[in-house]
1. In a GNM of the chain with a 10 Å cut-off on Cα contacts, which of V188, V116, V50 has the highest mean-square fluctuation?
2. Just flag the trypsin sites (Lys or Arg not before Pro) in region 38-108 sitting in loop per DSSP whose Cβ has no more than 10 other Cβ atoms within 10 Å.
3. Using label points projected 7 Å from each Cα along Cα→Cβ, tell me how many nm separate L76 and K15, to one decimal.
4. To make sure I understand, if each residue's beta carbon is the centre and we count other beta carbons within 10 Å, what order do D223, D110, D61 fall in, fewest to most?
5. Please give the helix 109-119 orientation as an angle from the longest Cα principal axis of the chain, in degrees from 0 to 90, rounded to the nearest 10.
6. Once you put a point 7 Å from the Cα of S174 and another 7 Å from the Cα of A195, both along the Cβ direction, what distance in nm separates them?
7. Could you tell me, in Å, what Rg and Dmax come out for the Cα atoms of the chain?
8. What is the local net charge at V81, summed over the other residues whose Cβ is closer than 13 Å to its Cβ (Lys, Arg +1; Asp, Glu -1)?
Amino acid sequence: MLKVDQLASGYGRIKALHQVSLEVKRGEIVALVGANGAGKTTLLKAIAGVQPVAQGRIFLDAAPIEKLLPHQRVKLGLVLVPEGRQIFAPLTVEDNLRVGAWTRADDRSDGDLERVFSYFPVLKEFRARLAGSLSGGQQQMLAVGRALMSRPKMLLLDEPSMGLAPLVFKQIISVLESIRQSGVTIFVVEQNVNAVLKIVDRAYVLEMGKITLQGTGNELLADTRVQAAYLGV
Ligand SMILES: Nc1ncnc2c1ncn2[C@@H]1O[C@H](COP(=O)(O)OP(=O)(O)O)[C@@H](O)[C@H]1O
Ligand SMILES: [Mg+2]
């Protein structure tokens with residue numbers, strides 16, 4: 001579904017990604033792990049179209065998308081849940097969710113809203129509250145819910161566990177598994193390496209802008225290099 005081929009990107013003279021290649025197949029949940037500053041956010045932003053690409057190609061369903069604008073990629077079903085959530089704090093929960101449906105021409109967002117509420121019942125309970133008054137975990141649920149409102153084929157998630165208590169993160173992870181079962185492909189960046197490798201099909205390790213390892217979640221959990229660098233073993 002997604003193919004990144006020899007991608008390079010950076011910030012002025014700083015090169016953040018060097019010839020990154022990876023693939024995510026339809027229906028998979030794939031993780032990208034790596035230390036702070038490895039280039040994970042840069043890669044997700046480049047895929048979403050909000051970070052310029054210096055070299056390389058990005059394909060969605062075999063069609064090149066690296067020249068498309070961010071909203072055109074959203075229309076094709078590729079939706080980013082950014083690092084730090086970036087919800088609209090002064091808007092209500094419901095309005096935040098309805099904003100997520102803006103790329104669609106039809107007006108059937110009520111059904112989508114109910115679907116999001118079925119994944120995250122707390123958002124229904126708090127639908128009239130201001131988003132800024134929610135806890136960190138609820139804001140993350142809102143950010144994922146808002147992305148689902150645009151009916152993505154593929155979700156790109158940047159560190160959904162950031163700042164969350166382990167129990168809250170477990171809830172979000174289990175919803176991600178349900179979302180995947182509903183047919184949405186997932187590519188997730190995580191620093192919580194142990195938890196995420198347990199639930200993904202495959203993962204890539206990014207170090208200083210380069211993919212250095214890849215394998216199934218279990219293969220990487222058993223890899224001594226991964227254990228030493230990311231699992232504190
Ligand atoms: N806006 C920016 N301007 C300059 N350098 C940046 C900017 N954002 C990120 N970088 C640099 O690019 C590299 C990769 O950053 P990033 O993609 O945010 O890594 P990660 O998400 O893995 O922590 C780092 O060296 C970082 O300092
Ligand atoms: Mg990051």
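Every number in this text was worked out from the coordinates using simple rules, so none of it is lab data. None of these values were measured; they are calculated from a predicted model. Please note: Cβ atoms are built from the backbone with ideal geometry, for glycine as well, and neighbour counts cover all protein chains shown.
1. It is V50.
2. On the way: sites: K40, K45, R57, K67, R73, K75, R85, R98, R104, R108; in loops: K67, R85, R104, R108.
Hits after loop and neighbour filter: K67, R108.
3. 2.6
4. Values: D223 17, D110 10, D61 14.
Least crowded to most crowded, the residues run D110, D61, D223.
5. Helix 109-119 and the main axis of the chain meet at about 70 degrees.
6. 1.3
7. When restricted to Cα atoms, the chain yields Rg and Dmax of 17.2, 51 Å.
8. On the way: positive: K45, R85, R146; negative: E83, D158, E159, E190.
Summing Lys and Arg as +1 and Asp and Glu as -1 gives -1.
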